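S.K.: The structure's right below; bear with me while I get my questions together.
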Amino acid sequence: TVLAGCAVLLALAVALLGAGAVDAFVALPAQLLGGALSPWGDAQVLLGQAALGARAAPFAAVLGVVAAKVAALNLLPLPLLNGGAALAVLGRRLGVAHLWPATATHALFWVWAALALAWFLALCTYVVSA
């Protein structure tokens, strides 16, 4: 049930976009990392493309892309996301959860925080320069 929300979002995206939903879903990890590593370069391009798409595409298409991207984001194996929770459940069920040190979870939390901060800075820069 941890992944039910992601499954519903992906199903909605596929219903609205067809095969384009899979493309949007698969592209998210590279876009997330690329934009975070280059908040004043690659992220600005991605934000510009997103803004252009939101203005030009029909609402259903925009909703489908957003659903696919949110589903992909939530599946990442990071704390506070569904992917991290699914791995924790799997680890407990397989009896290997005790092998995962708490410091690893803390480190992954800081990775997630750094990604979020980089994108926040990118978004602020984009809004101010628009």
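The values are calculated or read from the model by the stated rules, or taken from the named source; none is laboratory data. Treat the numbers as computed from the prediction; the structure is a model and nothing was measured. Note: accessible area is taken over every heavy atom of the protein model, side chains too, but ligands, DNA and RNA are not part of it. Shrake-Rupley method; radii C 1.70, N 1.55, O 1.52, S 1.80 Å.
S.K.: If ligands, DNA and RNA are left out, what is the accessible area of Leu80 with a 1.4 Å probe, given in Å² to the nearest 10?
M.R.: 140
S.K.: Taking θ = phi - 60°, what integer Hz values does the Karplus form 6.51 cos²θ - 1.76 cosθ + 1.60 yield along segment 65-74, in sequence order, with x for Gly and Pro?
M.R.: 5, 4, 4, 5, 5, 5, 4, 5, 4, 5
S.K.: Under 5 Å between amide H atoms, partner at least 5 residues away or on a different chain: which partners does Leu75 have, H built in plane at 1.01 Å?
M.R.: Amide H to amide H, under 5 Å and 5 or more residues apart or across chains, Leu75 pairs with Gly83.
S.K.: Express the relative contact order of the chain as a whole percentage, based on alpha carbon pairs under 8 Å and six or more residues apart in sequence.
M.R.: 34
S.K.: Under a 1.4 Å probe, what is the accessible area of the chain per residue, stated in Å²?
M.R.: Result: 61 Å² of accessible area for each residue.
S.K.: Turning to a different aspect of this structure: Using modelled amide H (1.01 Å from N, peptide plane; none on Pro or chain starts), what sits under 5 Å from the amide H of Ser38, excluding residues fewer than 5 places away?
M.R.: Amide H neighbours of Ser38: Ala43.
S.K.: With a 1.4 Å probe and all protein chains kept in place, how much accessible area does Asp23 have, in Å² rounded to the nearest 10?
M.R.: So the heavy atoms of Asp23 present about 110 Å² to solvent.
S.K.: When the helix-only estimate is applied to the chain (DSSP H runs of n ≥ 4, each -39,500 (n - 2.57), divided by the residue count), what is the mean residue ellipticity at 222 nm, nearest 500 deg cm²/dmol?
M.R.: For the chain, the value works out to -27000 deg cm²/dmol.
S.K.: What list of ³J(HN,Hα) values in whole Hz, one per residue of segment 21-32 in order, does the Karplus curve 6.51 cos²θ - 1.76 cosθ + 1.60 (θ = phi - 60°) give from phi, with Gly and Pro shown as x?
M.R.: Per-residue couplings from phi come out as 5, 5, 4, 5, 5, 5, 6, 4, x, 5, 5, 4 Hz.
S.K.: Would you kindly derive the ³J(HN,Hα) couplings of segment 44-55 from the backbone phi angles with the Karplus curve 6.51 cos²θ - 1.76 cosθ + 1.60 (θ = phi - 60°), listing them in order in whole Hz, with x for Gly and Pro?
M.R.: Couplings: 5, 5, 5, 5, x, 5, 5, 5, 5, x, 5, 7 Hz.
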